[in-house]
Amino acid sequence: MRRRKGSRWALPAVVIFVAATLSWGGGPAGADSAPSGLPEAIDTILGDARMEGGAASVVVADAKTGETLYQHNPTGRLMPASNTKLATSAAAMGTLGPDYRFGTDVLAGGRVRGGTLDGDLYLRGTGDPTTLAADYDKLAAGVAAAGVKRVSGRLVADDTRFDDHRIGDTWGGDDESSYYAAQISALSVAPDTDYDTGTVIVEVKPGAKAGDKPAVSVTPKNDYVHLDVQASTVGAGGDDTVAVERRHGTNTITVSGTAPVGGDTTKEWVTVWEPTGYAAAVFRDALAAHGVKVGGSTKLGQATPKGAKRLAAHDSMPLKDLLIPFMKLSNNMHAESLTKAMGYKATGKPGSWGDGVDAVADYLKGAGVDATKVRQVDGSGLSRKDNFAARQLADLLLSVQDESWYADWYRSLPVACDPDRFVGGTLRSRMCDTPAALNARGKTGSLTGASALSGYVKDADGRLLVYSVVQNNYLVDSVKPLEDAVVVTLAKSTSKEATAVAPKSTRSIPAAERDGGLECSWRKPATC
C-alpha cells in the first residue's frame with residue numbers, strides 16, 4: 001500500500017503565495033542551501049532570445065530534503081509532451097506493480113476430437129504492446145502441440161479487455177500513419193524489439209537500373225497491409241525522395257518518389273488500420289505454418305465464452321523490464337496500453353483512457369502530488385490537452401524516491417550521453433563533454449512548440465538534485481540547448497556557488513533534431 005507523502009514536500013503557505021505571484025526570474029523559494037548565484041544563472045538561461053514570447057515553468061529541488069532551491073513560474077501549467085510519461089509510468093508501477101505482465105492466450109470454444117476443434121478458436125489479448133510475430137508463432141505451435149489440426153469454426157480475436165477507442169484525444173490527423181501515433185488495442189503486433197506495436201516496417205531498396213521499380217518489403221510478412229508502389233529508380237546521384245505513407249482509413253501503404261541507383265535503403269515504420277485485425281492475420285498465418293487449418297472466417301472484437309479451454313499462453317516481460325524500452329525510447333504506445341490496463345484494473349470494465357487517467361490521478365494524490373492542478377487525457381503526452389506544471393513534476397520526482405520499486409523506475413530514465421540506446425535513450429546525444437554526461441537522468445519531451453526535460457542530476461559536491469524544465473510557445477526550431485544548459489549548470493555547481501553555462505547554438509544541433517524540436521534519437525531510423 002502506498003504511503004501518503006504530501007506533508008514531506010509541502011511548502012509553507014507564504015511560499016506558495018509568493019511563488020504564485022512570480023513571473024520571469026523566480027529565484028529560490030527562501031532556500032538557505034541554494035548555491036549563491038543559482039537564481040541569476042538559471043534566469044540568464046531562461047532569458048535567452050530563443051524563448052522570447054514563450055513560457056517556461058522550472059523547479060529545482062534538493063532530492064534528499066525536498067527543499068526548493070529555485071523556481072520560475074512553478075505552477076504555470078504547460079504542455080509537458082512526453083514528460084507526461086513520468087506520471088504514467090510511476091502510476092503503472094504503483095497501480096499494476098513492478099511484476100505485472102500482460103498475457104495473451106489461445107482458447108478452444110468447443111471440444112477437440114480427432115485433431116478437429118469443433119467450434120471457434122479464440123485469440124485473447126490484454127493489451128501487451130510487446131507481442132512479436134515470433135510470439136504469435138509460438139502460440140500457434142502451442143495450438144498444434146495441443147493436438148489441433150483443424151478448426152471447424154472461426155478465428156475470433158478477443159480484444160475486449162480494452163474499449164474500442166483507438167486514437168487518443170486530439171491526436172493529430174496528420175500523424176495517422178506515423179509510428180508514434182499507432183492505434184491502441186488489446187491485441188496488436190510489434191515488428192521489432194523497439195516494440196512499436198501496431199506498426200509494420202517498410203523497406204524500399206533502389207532497383208538495379210534507372211526505370212526499375214524499387215524492391216519493397218514489409219516486416220513482419222503479412223497480407224493485412226497492401227503495397228501500392230508508385231516509386232521509381234533514378235540514376236546514381238539522383239534525388240532520394242522516397243515517401244511511405246498509409247492512406248487514411250485503409251491498410252494500403254503508398255510508396256512514392258524516387259530512389260537513386262546504389263542509394264541507401266529507405267526504412268519506415270508505418271501504422272496499421274485496426275491492429276486487432278493485424279494480430280489476427282499474423283496469428284492465422286502462423287497457424288497455417290504449423291499445419292492448423294481454420295475453416296471459418298476471422299471475427300474481431302468478440303469476447304471469449306466462459307468455460308473455453310486454454311490451449312496456449314504467452315506472457316510479456318514484467319513491467320519493471322518493460323519500462324526500459326518504454327521510457328528510454330519514449331514509446332507512446334506503451335504508455336497508452338498501460339493507461340488502459342490501469343483503467344481496467346481500477347474498474348473491472350474494458351480499459352479506457354478516461355478510467356486510466358483517473359487511476360493515474362489517484363496514484364498522484366496518494367503520492368502527495370496535487371492532481372487537481374494537472375490535466376491529463378492520455379498516457380503518453382501526445383495530446384496537446386495535457387497540462388502539467390514543473391511543480392507537480394518535481395513533486396512526483398521527489399515522492400517516488402520512497403517507493404519500493406524506485407530503483408527500477410530510476411533505471412528506466414535516459415542517461416545523458418550514454419551511447420547505448422537502451423541506456424542513454426533519448427538523451428544519448430545530449431550534454432556530452434559536460435559534467436552532466438553519464439550523470440544526469442531525465443525524461444525528455446517534444447511537440448511542436450513544446451519541450452520538456454525533468455529528472456535527476458548530481459552537482460559537483462555529489463548532492464542529488466531534482467529538476468523540471470517545461471517550455472512552451474516558442475517559435476524557434478528547438479529550445480533543448482536551454483534545457484541542457486540548466487542541467488549542466490546544476491551539474492557544474494557546488495552547494496555554495498553556481499554560474500550559468502551558456503546554451504549552445506541551435507545550429508550545433510543535428511538537422512533532424514532541429515526539425516520541430518524532436519530529439520533525433522527519438523526518430524526512426526535512429527542515426528544519432
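The values are calculated or read from the model by the stated rules, or taken from the named source; none is laboratory data. Keep in mind it's a predicted model, so treat the numbers as computed, not measured. Neighbour counts run over all protein chains shown; Cβ positions are idealised from the backbone, glycine included.
Might you let me know whether the stretch 308-322 holds any residue that is without any contact (Cβ under 8 Å) to a residue 12 or more places away in the chain and part of a loop (DSSP other than H, G, I, E, B)?
Scanning the stretch 308-322 turns up no residue that is without any contact (Cβ under 8 Å) to a residue 12 or more places away in the chain and part of a loop (DSSP other than H, G, I, E, B).
Only residues that are under 24 Å from Gly351 (Cα atoms) and either among the aliphatic types (A, V, I, L, M) or within 25 Å of the chain's Cα centre (by Cα) (or both): list them for the stretch 113-132, please.
Those that are under 24 Å from Gly351 (Cα atoms) and either among the aliphatic types (A, V, I, L, M) or within 25 Å of the chain's Cα centre (by Cα) (or both): Leu121, Leu123, Arg124, Gly125, Thr126, Gly127, Asp128, Pro129, Thr130, Thr131, Leu132.
Taking the stretch 384-423 as the search range and keeping residues that are aliphatic (A, V, I, L, M) and over 19 Å from the mean Cα position of the chain (by Cα), which one is surrounded by the most Cβ atoms within 10 Å (Cβ to Cβ)?
The qualifying residue surrounded by the most Cβ atoms within 10 Å (Cβ to Cβ) is Ala390.
One line per residue, one yes/no per condition, for (1) hydrophobic (A, V, I, L, M, F, W, C); (2) in the same structural domain as Ser399 (by TED's automatic domain parsing); (3) not in a loop (DSSP other than H, G, I, E, B):
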site	(1), (2), (3)
Lys64	no, yes, no
Pro74	no, yes, no
Ser89	no, yes, yes
Leu123	yes, no, yes
Asp128	no, no, no
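When only residues in the stretch 492-521 that are assigned to a helix (DSSP H, G or I) and buried (at least 21 other Cβ atoms within 10 Å of the Cβ) count, which is modelled with the highest pLDDT?
Ser521
Just give me the residues in the stretch 289-307 being in a loop (DSSP other than H, G, I, E, B) and hydroxyl-bearing (Ser, Thr, Tyr), in sequence order.
Within the stretch 289-307, Ser297, Thr304 meet the criteria.
Give the residue, chosen from Thr254, Thr241, Thr233, that is in a strand (DSSP E or B), over 24 Å from the mean Cα position of the chain (by Cα) and surrounded by fewer than 20 Cβ atoms within 10 Å (Cβ to Cβ).
Selected residue: Thr254, the only one of Thr254, Thr241, Thr233 that is in a strand (DSSP E or B), over 24 Å from the mean Cα position of the chain (by Cα) and surrounded by fewer than 20 Cβ atoms within 10 Å (Cβ to Cβ).
Residue check: is Thr271 surrounded by 22 or more Cβ atoms within 10 Å (Cβ to Cβ), closer than 26 Å to Ala140 by Cβ and β-branched (Val, Ile, Thr)?
yes
Could you list all residues from the stretch 158-214 that are exposed (fewer than 15 other Cβ atoms within 10 Å of the Cβ), of a type in the set (Ser, Thr, Tyr) and within 20 Å of Trp353 (Cβ to Cβ)?
Once the filter is applied, which keeps residues that are exposed (fewer than 15 other Cβ atoms within 10 Å of the Cβ), of a type in the set (Ser, Thr, Tyr) and within 20 Å of Trp353 (Cβ to Cβ), the stretch 158-214 yields only Thr170.
Do any helices (runs of 4 or more DSSP H) lying entirely in the stretch 350-413 carry at least 2 residues that are among the β-branched types (Val, Ile, Thr), and which ones are they?
Of the helices (runs of 4 or more DSSP H) lying wholly inside the stretch 350-413, those with at least 2 residues that are among the β-branched types (Val, Ile, Thr) span 353-366.
State whether one or more residues within the stretch 331-348 are in contact with a Pro (Cβ under 6 Å, 6 or more places away or on another chain) and surrounded by fewer than 24 Cβ atoms within 10 Å (Cβ to Cβ).
no
Would you call Asp43 at pLDDT 95 or above and in contact with a Pro (Cβ under 6 Å, 6 or more places away or on another chain)?
So Asp43 does not fit the description; no.
Identify all residues within the stretch 286-303 that are under 33 Å from the mean Cα position of the chain (by Cα) and surrounded by 19 or more Cβ atoms within 10 Å (Cβ to Cβ); write none if there are none.
Ala286, Leu287 - these are the residues of the stretch 286-303 that are under 33 Å from the mean Cα position of the chain (by Cα) and surrounded by 19 or more Cβ atoms within 10 Å (Cβ to Cβ).
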